[in-house]
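Read-outs throughout are calculated quantities, based only on the coordinates presented, and are distinct from any laboratory measurement. What you see is a predicted model, and the numbers here were worked out from it, not measured in a lab. We place every Cβ from the backbone using ideal geometry, glycine too, and count neighbours over all the protein chains shown.
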Amino acid sequence: MSATEGYRIGVDVGGTFTDVVLAHADGTIRLEKAPTTPADQSVGVLDALALLASAEGVTVVDLLGSAAAIVHGTTTGDNTLIEMTGAPTGLICSEGFRDEMDLRRGYKEDIWDAALVAPPSIVRRRVRLAVPERIDCDGNVVVPLDEAAVRRAAQRLRAFGVSSIAIAFLHSFVRTDHEVRAAELVRDEYPDVGMISLSHEILPRAPEFERTSTTVVNAYVGPVIAKYVRRLETRLKDGGFRGDLLIVRSNGGVCPPAAIERRAVATIGSGPTGGAVAAAAAARAAGLADVVSIDMGGTSYDMSLVRDGRPEVKTEWNWRHRYLIQLPMVDVQAVGAGGGSVARLAGDRIVVGPQSAGAVPGPACYGLGGSEPTVTDADLLLGRIDPARFAAGRRALDVEAATKALTELGEPIGLDAVEAATAVVEIIDAYMADAVRRLLALAGSDPRDLSLVAFGGMGPVHATTQARALGMRQCLVPLAASGFSALGLIMADHVVDESRTYLAPAENADLAALSALADQLAADANAELTDAGIGEDRIDRTWYLNLVFPGQTFDVPIPIAIAADTPISPVALSAAVDEFHRRNAEARLIESRAEEPRIRGLRLVAVGRSDHPDLRPPPPPTPIPARSQRRISLNGEWTEAEVVDIAELTSGGVTLAGPAIVELPFSSLLLHAGDVARATANGDVLVDITGTGAGSDRLEGNR
Amino acid sequence: MTTRDASNEARPLADPVTAEVVRSYMETVCFEMATYVSRTATTPILNQSNERNATILDGIGRLAALSVGIPQFMLTSTLPVRFALEFFGDELYPGDVIVANDPYHGGGHLPDFNVFAPVFAGDELVLIASIQCHHGDTGGAVPGGYNNHAEDIWSEGIRYPAVKVIEAGRERRDVIHMMRVNNRLAGFIGDLRAQVGAAQLGVARLGELVQRYGTETIRACNDANIADTARRVREEIAGWPDGTYSADAWVDNDPAGNEDIRVHVALTIERDHLTVDFAGSDTREELQAWSTFGNTRGYVIAQLASLVDPTIPKNEGFFDAITLIIPEGTCVNPIVGKPVSAGTHHPGVEVGDAIALALSQIIPDRCTPQTYKIGAPRQMWGDHNPRTGKPFFDHGGELYAGWCGAVRGVDGWGAQNASFGNLIKATAEINETLFPHLIRGREYITDSGGPGQWRGLPGSRFVKEVLTPTRVSQYMVNRRHIHPGINGGRSGSGDRCYLKVGGPPEAVIDVRVACQGELIEPGECLVYEFGGGGGWGDPVERDPAAVLDDVWDELVSIGGAERDYGVVVTGSVEAMDLAIDAPATEARRATMRAEPRGTQ
């Protein structure tokens, strides 16, 4: 075997670049990137792998031949929904419920915009066909399936050119036979139908809109994703790959391609998984408990919460590209704030974003024709970015153009360019801190109990300001901030996160029925993890009982003790109910147990731990670049700041106090007065936020 | 001893940067308060429907910021607070939390409970955190707070003009207990506590803000932001042609059967100033549906807000930019004592209809009424839920499509107007486990969307079969005076409600005005046909291809295409051979254009 034995390769396809990261057995990593090829992402993937092989000094065949696993994050499904290029799709549903996809439970995205347009339709009404059948919530057949009507529907859909068919009947998760039989009838009438998606297989849960929508989206994107994954497998195999291909899902973990074939919709929204997993791992390695991870790039500011070492997963009401996908997703909230966010006047106020100058023309300082002032222009004018080192020196920045744009912004309200720049930075920092507060409000978390992990090109520039504004005491900036998502893929675990519906008041739950559901969930999860070659010793299982007060929309998952092949005990059930009440009481909400909760179902999160080395920093370059000085402006006051290369910190033992700038490979870390930075064992930079930080943002100190 | 905010005195304006930072922070605090309630309340109407809103007011009760909720609801939050400021005067202390629900002290109707708390800096009152929620009972003559037979406010429920539930940090156990025993719902106090907790959270967050920037800066920021909004609204008004524009909107009847209740509005534009005057609206004393001053004022602003740039920050500046005249004794500003639970909706929403109709004469593009014709929320109950053996009370909240109008360029779509987009409706699969019924359907009704160049959303046929003897109360509107089309667009279909469908045909009840406690037997259905939204623009101008699409989708029938749009379609959906007969369409449309037609 060659020296590349045990290679694990992460491949993250982004909008612009396809990042690849290779982890050597000793924990050192190598990063490469190639342009993304939207038409067939697998081309860009192979290009990036070729660059990686050449950097390693081996052939592609050698590289692939000795790689143990390739972990792949794809945006094929998201792109299909954005561009509406999925398979022609039809829906067969229960009589009376033809319009669920349009009704959307009444939801519209903007309550103030009377002229908001409808989302593009996946299944227009003509290809939504209702057939007589009805099952009640106990699984009784109220109306038998009208088989002739199903046959007619299949013929109709075929005539309309539909190649992918979703079937979603009411209460099908309680009783599956109507959907199963309908699928047989469809195949009988339309033998060459491309794909059939059954709602009880795609999402065996209530309620009907969520299940129907998830099934319809699966029908739409499934054929495209399946085709892509097969093509990638072929290309890799042809290239000599013999290891495991793993695909990233939105639930924060990976799975084998077969699982994607069964439910392709699970890849939609998987883009942020890598970054969140990497943030969780970096936080763990730095000894931080719960963290907020922020990814600030050119156009958006993506935030997610990591609790107990795992990215927070949102199981319900997940809208992506204006469609509801009721699958667990790494909960990433994004706001339109980034380096390219454009500042302008609205009345007397300066507002920043959400419009972005993008990569082209980009900020005024790019000199690509952009004339509008952006956050990057402001950071540049305030000395927080070095015009000569931006993007590792690959793009020289035009300070004059930035000055001109900011002068024009400030003039009508009597601010000069530097004052305008200060204003732009203060406002975008306030927006971003407020966005984090909203994320945490939804999660019921207090920012002061958390630390920050900041990455993305602009993340380190604004990280310490954000941490201060939120009252956080520590902030971590990863060395591999660029390519961080791909790095996360290497470390991602196998995750099966599944729920089954069981609806009953907690006080008269049928424990036998609940236990049967648990057995089913466990068996399904085991099958998938076993297929993926995960041994029992590497599987962690966490069970939740989903509880609500009567009529509440969103489930509250409460941990419950469930053991394999053992019926759920009344003690475990009442402990979970007590915990539900305790959590409510803790928030001073319920004076007594005036209302008894209802059970909505069971959830199992089964994690198969992946096999990956602990990361180590690369050896520092020799010589370490010398320190220099730069004037930077912090909250309107100029100060002389030390400029230090990251290599000096990682070479060991050095701590650096602000005001200072740490130059990173693709970004700059700003330290306020009172900030103290040092390197962690795996080469990341940990900043202690202390004192009020003279010249720091005014929004500090919540405590 | 407290010192009042002296907001009316001249003082320097805040710098625009700080003003923007403070605005963003305050809207975030509103979001945090509203989210707190959603996470913690027990009642579906709060945690399922999102029927809660948070606002922040300044020290003299002016609206400073608000969160996403139901627009008109948020906009009624200021007047109860102003009453409390006046009433308590110097007896308002740090740590106070106040509850108010009285329609005659600034509120809308009794189920809407406003909970608010002052933010002090030293002994100065700087801000007020406020959270409004709709509760499921008000302790009146009937469960749920909608008494179709109420002749006065006292038969609708208990009035709380402004009551301290917490004074200077100490809970008033006597008050809480009195509130508990005057409400039918076990979860009422728990949900009220969720609101109290949210208000306290708001106070803590806002206290941090005041500490950081200082009282003077916060006041200056509020002044600047309110002035900025007022100026931007006035700029929009200045773009509208001067003149007086009037319109009438009508309610079929109140729950007692008094017919043709008129809401009349005259909007006068002089340069950048708008006067909204409701003189001429119905003044019949015997009416049993009245919209309070606060309720009417909220609908005015909610409708106007939908007509201007949606990015203008929502605050007191909207109110400052207009002059509002609502004569006392009209159906949109009753004298104290009139019943209001039904009137909150009707003639409340007709205020929005009238404004939309009046302004559609000059700025039709976005002008569609952001309203609904719900009557009152349907209530169904019974003594015995076979699943639990207990009584049940089903307050509706279910999904249906209705009254969603088109605007220029956009057909009505979805289920409801954008202004209700934050309400998430209940589902069949969950509700069928809670209540003894089966939802048999809720599909769009063919030909029910108001014809127009852009089509109103079709209404829907909602069918609920009961599985046990069930009583129903329902107040109906939109049977004769239909949700309007705009700018030549036509009305959609009206509303109908039939009870006991599926039983003996002669027993079927067509609810024309209202019913209270009508009994439906097992196996019988309630069938409610929700009305369609109004169209926008002349239907003869609709792209024939769009009409053909609607025929393919069975939203418009072949007959409807010819009758309403002048588009002659041949073939059938069944035979998959629909096509437009172009010459026949030309001819038909030429004839139609020659006929005098108006908004129906």
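Data table
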quantity: Label-point separation in nm, B:ARG480 to A:ARG627, each point 7 Å along Cα→Cβ; calculated: 8.8
quantity: Given charges at Cβ of Lys, Arg, Asp, Glu: region A:329-445 dipole, positive-most of A:MET432, A:CYS365, A:ILE350; calculated: A:MET432
quantity: Which of A:VAL643, B:ALA545, B:SER281, positive extreme of dipole for the protein assembly as shown (C-beta unit charges); calculated: B:ALA545
quantity: Modelled FRET efficiency - R0 41 Å, B:ALA545 with B:ASP174, Cβ distances, 0.05 increments; calculated: 0.05
quantity: Pairwise centroid distance, computed over Cα atoms, of region B:430-477 with region B:134-156, Å; calculated: 25
quantity: Phi-based couplings in Hz for region B:200-216 (Karplus 6.51, -1.76, 1.60; Gly and Pro marked x); calculated: 5, 4, x, 4, 4, 5, 6, x, 4, 5, 5, 4, 5, 9, x, 4, 4
quantity: Within chain A, percent of DSSP bridges classed antiparallel, to nearest 5; calculated: 70
quantity: Prolate/oblate/rounded label for region B:100-158 (Cα gyration tensor, a/c 1.5); calculated: prolate
quantity: Proportion of all alpha-carbon pairs of the protein assembly as shown beyond 53 Å (%); calculated: 25
quantity: Distant-in-sequence amide H partners of B:ALA426 (H built 1.01 Å from N, under 5 Å); calculated: B:GLU398, B:LEU399
quantity: Length-normalised contact order for chain B - Cα pairs under 8 Å, 6+ apart - percent; calculated: 11
quantity: Chain A - percent relative contact order, Cα under 8 Å, separation 6 or more; calculated: 12
quantity: Simple Cβ-charge dipole of the protein assembly as shown, Lys/Arg +1 and Asp/Glu -1, about Cα centre, in debye nearest 20; calculated: 780
quantity: Intensity falloff of region A:427-506 expressed as log10 I(q)/I(0), Debye formula with alpha-carbon point scatterers, at q = 0.18, 0.25 Å⁻¹; calculated: -0.87, -1.17
quantity: J(HN,Hα) series, region B:184-197, from Karplus relation 6.51 cos²θ - 1.76 cosθ + 1.60, nearest Hz, glycine and proline x; calculated: 6, 8, 5, x, 4, 5, x, 5, 4, 5, 4, 5, 4, x
quantity: Residue order, fewest to most surrounding Cβ atoms within 10 angstrom, among B:CYS525, B:CYS221; calculated: B:CYS525, B:CYS221
quantity: Global form of region B:464-549, assessed from the alpha-carbon gyration tensor, a/c cut-off 1.5; calculated: prolate
quantity: Peptide A:95-102 - average C-beta neighbours from other chains (10 Å radius); calculated: 6
quantity: Contour excess over end-to-end distance, with Cα ends at A:ASP519 and A:VAL142 and 0.36 nm allotted per residue; calculated: 132.9 nm
quantity: Between region B:318-361 and region A:195-268, the alpha-carbon center distance in angstrom; calculated: 53
quantity: Listed residue pairs exceeding 26 Å between alpha carbons, taken from A:LYS237/A:LYS314; B:LYS425/B:LYS500; B:LYS390/B:LYS500; calculated: A:LYS237/A:LYS314
quantity: Projected label distance in nm at A:PHE160 and B:ALA507, using a 7 Å step from Cα toward the beta-carbon; calculated: 3.9
quantity: Spin-label pair A:GLU637/B:GLU270, simplified geometry with 7 Å Cα→Cβ offset, distance in nm; calculated: 5.3
quantity: Summed residue charge, Cβ within 12 Å of A:THR234's Cβ, Lys/Arg positive, Asp/Glu negative; calculated: +2
quantity: Global size of chain A as Cα Rg and Dmax, reported in angstrom; calculated: 26.7, 81
quantity: Region B:457-575, relative contact order in percent, only Cα pairs under 8 angstrom and at least six apart counted; calculated: 32
quantity: Separation between Cα centres of region B:548-572 and region A:310-331, rounded to whole Å; calculated: 39
quantity: Under 5 Å, built H, 5+ apart or other chain: amide partners of B:TRP403; calculated: B:GLY531, B:GLY532, B:GLY533
